[in-house]
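Read-outs throughout are calculated quantities, based only on the coordinates presented, and are distinct from any laboratory measurement. Small disclaimer: the values here were computed from a predicted structure and weren't measured. As a convention, Cβ positions derive from the backbone with ideal geometry for all residues, glycine included, and neighbour counts pool all protein chains shown.
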Amino acid sequence: SLFVPMTVGGGVRGLSDIEQLLRAGADKVAVNTAATKDPDFISQAARRFGSQCVVLSIEAKRQGAGHWEAYTDNGREKTGLDAVQWAFKGVELGAGEVLITSVDQEGTGKGYDLELIERLAGLPVPLIACGGAGKPEDAERALRAGADAVSMAGLLHYGRHSLEAIKSHLSRSGIPVRQGEAMAPR
């Protein structure tokens, strides 16, 4: 059983895919490629299922100082879209959350792309930063830069850091996090 809201993405090509995922138990559905090919897909999904469950997933690759391009297919396919502008446009179209992945930082353990997060901090919806976490301080920096939440994988692999240790660091740094019994299943 999963006791936290679950966002599912990957291979979402149409409204029927979103419907299937929601019926299967997803709380939110992340869209990327289909949305870049047809931005109105975001609006259609938001109208049908509600903005609260439409997450615009953006794979951003730095193209020079202060500029990132949105990519698809795990950072392999260029879209020609400015990633920052695309995030704001996606929200205008109805996305209720943005998941921004720094293709450049992903898997490096060198920290999140703080400049990218700062550029997106003005979004009127939750911003989730992904790509680059190598130590608990990286999560703190991303949250202070403007992310509402962080996504991490490698930081938790191989017993390098525990979720408890990361949350403890954030709490000691003055960032409110759920801890202990509050996370136990109800």
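Assuming R0 = 30 Å, what is the FRET efficiency of K110 and E19, from their Cβ-Cβ distance, to the nearest 0.05?
That gives a FRET efficiency of 0.15.
Provide, for q = 0.16, 0.21, 0.27 Å⁻¹, the log10 of I(q)/I(0) from a solvent-free Debye sum over equal Cα point scatterers in region 1-84.
The computed values of log10 I(q)/I(0) come out as -0.63, -0.94, -1.27.
Return a single number: how many Lys pairs in the chain, at a sequence separation of 8 or more or on separate chains, have alpha-carbon atoms below 23 angstrom apart.
So the count works out to 13.
At q = 0.14, 0.15, 0.16, 0.17 Å⁻¹, what base-10 log of I(q)/I(0) does the Debye formula yield for the chain when every alpha carbon is treated as an equal point scatterer in vacuo?
-0.79, -0.91, -1.02, -1.14
Taking K and R as +1 and D and E as -1, what net charge do the other residues with C-beta under 12 Å from the C-beta of R172 add up to?
Residues close to R172 contribute a combined charge of -1.
Which residue fluctuates the most in the chain, going by a Gaussian network model with Cα springs under 10 Å, if the choices are R160, R119, R13?
With Cα springs under 10 Å in the chain, the top fluctuation among R160, R119, R13 is at R160.
Less than 10 Å Cβ to Cβ from I128, Lys/Arg counted +1 and Asp/Glu -1: what total charge do the surrounding residues give?
Overall, the nearby charge balance is -2.
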